[in-house]
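The values are calculated or read from the model by the stated rules, or taken from the named source; none is laboratory data. In this text the structure is predicted, and so the values were computed from the model without any measurement. Please note that ligands, DNA and RNA were not included when accessible areas were found on the heavy atoms of the full protein model with its side chains. Shrake-Rupley method; radii C 1.70, N 1.55, O 1.52, S 1.80 Å.
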Amino acid sequence: MRAGSFPSRAWRAALFPDPPRTIPHARLLNISCRTVHLAGFSLLLGGHAWGVEADRLLPALWVTILSGATLMALESHASARWLFEGRGLMVVLKLGLLLVVPFAWENRLPILLAVVAIASVGSHMPARFRHASLLSIWSTAKDRLGNATAHAAGCGQLPSTGLFDKGERP
């Protein structure tokens, strides 16, 4: 084994298997965990909205945390690629907001409502955004920029990412 090849190739193969790994009954597990997660978060949000004591909300908090972690584990088992897709970025954004709650306790209700909004948008946005991968965009852009240096004709053009319907670019 060459020096320096272990982390990049071995880790890449483990984190981003091609094809992605499968779990028997993954759809059933995902739907079951998602249902438990939504119920737990609903109780948690409602409890904060109606002023329920924090101690009484701990079971709902733990159900939400454990079911969310299970959902992340199910997605990550197939491939860590999902974390770099629109849907994974939404999860990271939600987790970031939730980490703010202990430091902004008085604003926890608006923060939790923002998490609901992000979850709703993330779950219902078009598939081309939900499954768009930053890894693919970065890789294509890097390849394109490398080609642009070698071939001045390609300079300044963004690679096609499939994110835009009629070839529009931001």
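Numbers below:
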item	result
Distant-in-sequence amide H partners of E85 (H built 1.01 Å from N, under 5 Å)	L134
Solvent exposure ordering (accessible area, 1.4 Å, most first) of E85, E53	E53, E85
Stretchable slack from S76 to L15, in nm (0.36 nm times residue separation minus alpha-carbon distance)	21.2 nm
Contour excess over end-to-end distance, with Cα ends at L38 and E106 and 0.36 nm allotted per residue	22.2 nm
